[in-house]
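Just below is one structure, and these are the notes that go with it.
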Amino acid sequence: MSDTPKEQNSIPTSKVQRSAKFVKTGIKVGGNYIKHYSKKLFNPDMDKSELNEDNAADIYESLSELKGSALKVAQMLSMDKNLLPQAYTDKFSQSQYNAPPLSGPLIVQTFKKYFGKSPEKIYDKFNVRSSNAASIGQVHEAELNGKKLAVKIQYPGVGDSISSDLKLVKPFAFRLLGMSEKELDIYMREVEERLLEETDYELEVRRSIEFSTACANLDNVVFPKYYPELSSKRIITMDWLEGQHLREFLNTNPSQQLRNTIGQALWDFYNFQQHELRAVHADPHPGNFMITPEGKLGIIDFGCIKEMPEDFYYPFFSLTSTGLMDNKDETIKAFRQLEMIHKDDTPAQIEFYYTMYKQMIGLFAKPYINDRFDFSQTAFFEELYGFGEKVSKMPEFKQARGVKHFIYVNRTNFGLYNILHELKAEVKTDTFKPHVVLAY
Amino acid sequence: MATVESIRKAYIDFVLTEGQQPKSVYIFAKKNKMTEEEFYQFFSSFDAIEQNLWTNFAVKTITEIKTQEVWSQYTSREKALSFFYSFFELIKGNRSFVVYSVKKQPKSFSTPQTFTGVKEVFENFCQSLIAEGIESNELSERKFFSNRYKDALWVQFVFILNFWINDNSTGFEKTDEAIEKGINVTFDLFQRSPIDNLFEYGKFLAKHGGLKESMGFGSN
């Protein structure tokens, strides 16, 4: 077998493992402070830059160890810069808040602040001990009128920390990726925007309701019911979705038919959103899906939504159709619109990027070409990774290219491909087709 | 008829509107339509009112948290956290007075007169928590030091109070963070830690003497 599954195995997946990782980082960062202050004892002139660098290095180190193979593919569209946002969005926010769980009294306090009463007065039953950690909060089990509920509570001060964490790692990232601050900045801002949106639970509830209503007609997809009256800026109440996480599900050795059903549900869920809603659940993290006992796909967590503006959607998805790709002039126009080819590029550069991007998008679009696609085939993924690997070593791709929307759209689609690969699902890919424009 | 409650209220109203204490009990009593005698039935001075207000905040907080259903399930650490959260939630309703009262205290190392009452209530409360914690082995008993645990909590109390006064975050979220982190760290120190083991080890080495000889590998 290929090296793909092995790589995936090496990502710390269980919560315990993951938090262990971050505990380690925490200790290291703490150590850096000790190092800093003991040095300062002898050299009072020392400033904090070395300390920050040490910290960023250690944080970054543990992030890179955690990066998934999806990340590798995400480098594809020229973007080493994807490395950072991906690592960030998946893990960094977690690293900060996973470690100390909220104390019982803080939970009571949070409820009192937003509802004026303690959780036992709101729900019939409320478990003060959390059942799992969400990315920036934790989940508690509760019961009201005989219904089992999941209550997500956010840690205080998450928003502020995100901004300050990004500031801390930024300079380090520039050096590491060899990019100028100006180039990277628009991508960083995009990431920061999404991350901050994730901290707004009121927005999340609104979107969850919106999206689950819009997607209600899809086959084999289920959503929990949300309770806006029991939610607030830092609390979300929703139905408790019974089921297994993707990995647990795979351990039960499900039949090919069941895998296909789940895979199809995933495909439909994502492509319906991308092509019909033009806004997509941009966090295809295995932890955000549940497989219910009835064999349906349950979707939780609408914290991260990426909206696609027309001027991104049409040029990008039109490239997935052979009709446009066969026309070189129009393709270059589309590339220009997506800022993959810049205004001041020389003819040689245009030719180079045209060939490379065409190859890349061709790979990305493979599942769309025919009406069925078998995601279990390792050859396709090897080709993807191989290409990503090659590109990431090319000096031409050191420079940032492509509009900011790529970050999350790539993450979404490659994340989806990866999950489907893990599921080894065969999927009908023509259920919700991209809308295509043939000329620019 | 004046009551403790009505005098406290009138006093807060006065100092917040005027920005200072009334010039005399006579003026204050007249303004609030009571006799000086009535006033002295309850309080001996304006400072006594202030002291009483502070004590009352703590007493009220403790009474309230003890009625919560989860109280009996809480560990000592959680009980302390619960006190801090509820206390700051309570004084939020009197923030202007609290800021006025804290800011006018002279800077000194000893506890200002105004806070002696609240300090006593707080320390008694902490003392019982700590005793409970030591009994259940949640906290570690250390000679001399465990009697000082309550002092560490009082230091936290003063620190968080000042933090809260300067907190500009929405809903005083930063104060919540300061409480969560600060109290947890303090209780981490109260628990058995590497320092205890180090100390034990030191004691062992000292007792089983010959430290110098055994370190020197028998040098002569």
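What follows is calculated from the coordinates using simple rules that are stated; it is not laboratory data. Since we're looking at a predicted model, the values are computed, not measured. Heads up, the Cβs are rebuilt from the backbone with ideal geometry, glycines too, and the neighbour counts pull from every protein chain shown.
General observations
- The angle between the Cα long axis of helix B:173-190 and the main principal axis of chain B comes to about 40°, on a 0 to 90 degree scale.
- Cβ-based net charge around B:Phe43, under 15 Å, with every Lys or Arg adding one and every Asp or Glu removing one: -4
- Our estimate of slack between A:His245 and A:Ala348, defined as 0.36 nm per intervening residue step minus the Cα-Cα distance, is 32.2 nm.
- Positive dipole terminus of the range B:68-203, leading residue within B:Phe84, B:Leu139, B:Ala152 (C-beta point charges): B:Ala152
- If R0 equals 25 Å, the separation of the Cβ atoms of B:Thr63 and B:Val158 corresponds to a calculated FRET efficiency of about 0.65.
- In this label model, B:Lys103 and B:Val185 are separated by 2.7 nm, measuring between points 7 Å along each Cα→Cβ vector.
- Note on the range B:68-203: Rg/Rh from Cα positions, Kirkwood definition for Rh, rounded to two decimals, is 1.00.
- Overall Cα dimensions of the range B:52-101, principal axis frame, Å, largest first: 37, 16, 14
- Relative contact order of chain B, pairs being alpha-carbon contacts under 8 Å that are 6 or more residues apart, as %: 19
- For B:Lys207 and A:Glu143, a Förster radius of 56 Å and the Cβ-Cβ distance give a FRET efficiency of 0.45, rounded to the nearest 0.05.
- Computed from the C-beta positions of A:Val436 and A:Thr213, the FRET efficiency with R₀ = 22 Å rounds to 0.20.
- Sum of side-chain charges, B:Met1 neighbourhood, beta-carbon under 13 Å (Lys, Arg +1; Asp, Glu -1): -2
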